[in-house]
Amino acid sequence: MRYHNITKDDMLNGEGLRIVLWVSGCDHGCKGCHNPITWDPNGGIVFDTAAQDELFEALNHDYISGITFSGGDPLYLGNRKDVTALAKLIKARFPHKNTWLYTGYRWEEISALPVMEYIDVLVDGRFVEDLKDPKLHWKGSFNQRIIDVQKSIKNNSLYLYHAE
């Protein structure tokens with residue numbers, strides 16, 4: 001897996017103060033995407049042990065709510081195996097941190113993926129420029145949904161996330 005950046009103080013891509021891992025690779029090509037530099041799966045740099053250590057050190061702070069996987073698309077086919085392994089490792093090492101994931105895929109396409117076991121909140125759907133509204137909270141366009149993944153899996157039905 002390759003990535004472009006690790007943001008250590010983000011408040012826009014999920015609830016609370018978060019770490020964001022911006023992965024490389026996306027084949028959705030959404031018009032008006034705010035981060036097209038991340039589309040190239042060969043762009044950025046290799047996510048290696050040093051990057052993982054940097055991520056874990058940042059997550060180790062009490063004031064950090066959790067991690068957000070964004071990009072690119074963490075569920076780009078070339079990322080799925082590595083993102084799943086990393087999400088599993090984070091959930092084991094930081095069980096009280098929550099994990100958010102942004103993807104252009106719809107819940108109905110990806111709900112059975114193994115990574116979902118380790119994701120708390122999913123923002124799904126492609127960004128649609130004509131449905132963009134800067135006032136939206138945690139999503140870019142009206143078609144996107146903010147999903148409570150664990151509740152949806154447990155009840156075998158889609159549940160939208162509501163901040164506490």
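The values are calculated or read from the model by the stated rules, or taken from the named source; none is laboratory data. Note that the structure is predicted; figures quoted are calculated from it, not measured. Glycine gets a Cβ as well: all are built from the backbone with ideal geometry, and neighbour counts include every protein chain shown.
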Q) Going by the conditions given, is residue 90 β-branched (Val, Ile, Thr), surrounded by fewer than 19 Cβ atoms within 10 Å (Cβ to Cβ) and part of a helix (DSSP H, G or I)? A) no
Q. When both residues are 6+ apart or on different chains and their Cβ atoms are under 6 Å apart, which pairs have a first residue that lies in segment 24-46 and is touching a residue at least 24 places away in the same chain (Cβ under 8 Å), and a second that is exposed (fewer than 14 other Cβ atoms within 10 Å of the Cβ)?
A. 31/129; 32/129
(Q) Based on this model, can you work out whether residue 16 counts as touching a residue at least 24 places away in the same chain (Cβ under 8 Å) and closer than 24 Å to residue 160 by Cβ? (A) yes
Q: Check 58, 87, 50 and return the single one that is over 20 Å from residue 137 (Cβ atoms), under 14 Å from the mean Cα position of the chain (by Cα) and either modelled with pLDDT under 95 or of a type in the set (A, V, I, L, M) (or both).
A: 87
Q. Going by the structure shown, is residue 152 buried (at least 17 other Cβ atoms within 10 Å of the Cβ) and in a strand (DSSP E or B)?
A. no
Q | One residue from 78, 125 being without any contact (Cβ under 8 Å) to a residue 24 or more places away in the chain and small (Gly, Ala, Ser) | A | 125
Q. Quick one: in segment 103-117, which of the residues that are in contact (Cβ under 8 Å) with a residue 12 or more places away in the chain and part of a loop (DSSP other than H, G, I, E, B) is surrounded by the most Cβ atoms within 10 Å (Cβ to Cβ)?
A. 103
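Quick grid of which residues meet (1) surrounded by fewer than 21 Cβ atoms within 10 Å (Cβ to Cβ); (2) assigned to a loop (DSSP other than H, G, I, E, B); (3) at positive phi:
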{"site": "70", "(1), (2), (3)": "no, no, no"}
{"site": "73", "(1), (2), (3)": "no, yes, no"}
{"site": "76", "(1), (2), (3)": "no, yes, no"}
{"site": "85", "(1), (2), (3)": "yes, no, no"}
{"site": "101", "(1), (2), (3)": "no, no, no"}
{"site": "122", "(1), (2), (3)": "no, no, no"}
{"site": "136", "(1), (2), (3)": "yes, yes, no"}
{"site": "157", "(1), (2), (3)": "yes, yes, no"}
{"site": "163", "(1), (2), (3)": "yes, yes, no"}
Q. Looking at segment 37-52, is at least one residue under 24 Å from residue 163 (Cα atoms) and not in a loop (DSSP other than H, G, I, E, B)?
A. no
